[in-house]
1. How tilted is helix 152-166 with respect to the longest principal axis of the chain? Cα atoms for both, answer in degrees (0 to 90, nearest 10).
2. Please give every one of the lysines within straight-line cross-link reach of LYS62, meaning a C-alpha to C-alpha distance under 19 Å, and leave out same-chain neighbours fewer than 8 residues apart.
3. Could you rank the peptides 137-145, 10-18, 197-205 by their average count of other C-beta atoms within 10 Å per residue, with the highest value first?
4. Place a +1 charge on the Cβ of each Lys and Arg in the chain and a -1 charge on the Cβ of each Asp and Glu, then give the dipole magnitude about the Cα centre in debye, rounded to the nearest 20.
5. Tell me what the chain gives for mean residue ellipticity at 222 nm when only DSSP H runs of n ≥ 4 count, each as -39,500 (n - 2.57), the sum divided by the residue total, rounded to 500 deg cm²/dmol.
6. Can you say what percent of the DSSP beta bridges in the chain, counting only those with both residues inside, are antiparallel? Round to 5.
7. Could you name the aspartates and glutamates in cross-link range of LYS156, using Cα to Cα under 13 Å and dropping any fewer than eight places away on the same chain?
8. Using θ = phi - 60° and the Karplus form 6.51 cos²θ - 1.76 cosθ + 1.60, what ³J(HN,Hα) does each residue of region 170-177 get, whole Hz, x for Gly and Pro?
Amino acid sequence: MLLPTNCQTGTLLRRYKRFLADVLLADGQALTVHCPNSGSMRGCSTPGSPVLISRSDSLRRKYPWTLEMVQENGVWIGVHTGRTNYLVREALENGVIDDFGALRSITPEVKVAAGSRLDFRLETEAGTVYLEVKNCSLAENKVALFPDAVTDRGAKHLRHLAQLAASGCGAATLFCVQRSDAAHCAPAAAIDPVYADTVAWAAGRGVRFLAYWAEVCPQAVTIREKIPFYPTGYSTDCL
């Protein structure tokens, strides 16, 4: 996925009010930008970090600039969660994500219950698969962790997927790890133990869990390959 050409780099001053960040440009100008990430951004919101921002041409926006990525310890991390589904769809269509066999169609934003949607419905040669996508920006000791903040919504999605699996449909969650320094992926039990327990519960009821890492650089973000996901948590015993 190519990023917009109207991007520039800067330095993160602070991230606040969930959806705002202040960025200092090289010419000394300070901008308030939109931060399209509702999580805590733990490990990727350190003041002083290099950032990449993009500018929207929309005249309706109060803040025309958007935070795209943050660099921590020399690693670019994609924090624009609004781009995650596009990344995954691109990888599905290009065959990079091939866990579901030959695809006949991809339908986004599928309603599965009152007030609840899942990201994709895939029609495959083997049948229907419902797929929920999660952006993963947190990694510690080469382990990507999700979530980075308590997510009741994430646990609700898992319960819906388990119901769909029980009805005979395929059901899966895919973690898109937008950083290159993670070799494994697991639920962040220390941050949200309820979500971690729900992952283990859903895995026991037929929900598949997949993780893919994406190469992130100022020009493009591209899903590269699958990494192991451990539904019951990660430890050195997993190696």
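1. For 152-166 against the chain, the angle is about 30 degrees.
2. Partners within reach: LYS17.
3. Peptide ranking by packing, descending: 137-145, 197-205, 10-18.
4. Values: 25 positive and 23 negative charges, 158 e Å.
Taking the Cα centre of the chain as origin, the dipole is about 760 debye.
5. -4500 deg cm²/dmol
6. If I count the DSSP bridges inside the chain, around 70 percent turn out antiparallel.
7. Those aspartates and glutamates meeting the cut-off are GLU132, ASP197.
8. Here the 3J(HN,Hα) series is x, 8, 8, 10, 10, 9, 8, 8 Hz.
The values are calculated or read from the model by the stated rules, or taken from the named source; none is laboratory data. Only a predicted model underlies this, so the values are computations on that prediction, with no experimental measurement involved. Here Cβ is always computed from backbone atoms with ideal geometry, including for glycine, and neighbour counts include all displayed protein chains. When the accessible area is computed, the model is the full protein with side chains, heavy atoms only, and any ligands, DNA or RNA have been set aside. Shrake-Rupley method; radii C 1.70, N 1.55, O 1.52, S 1.80 Å.
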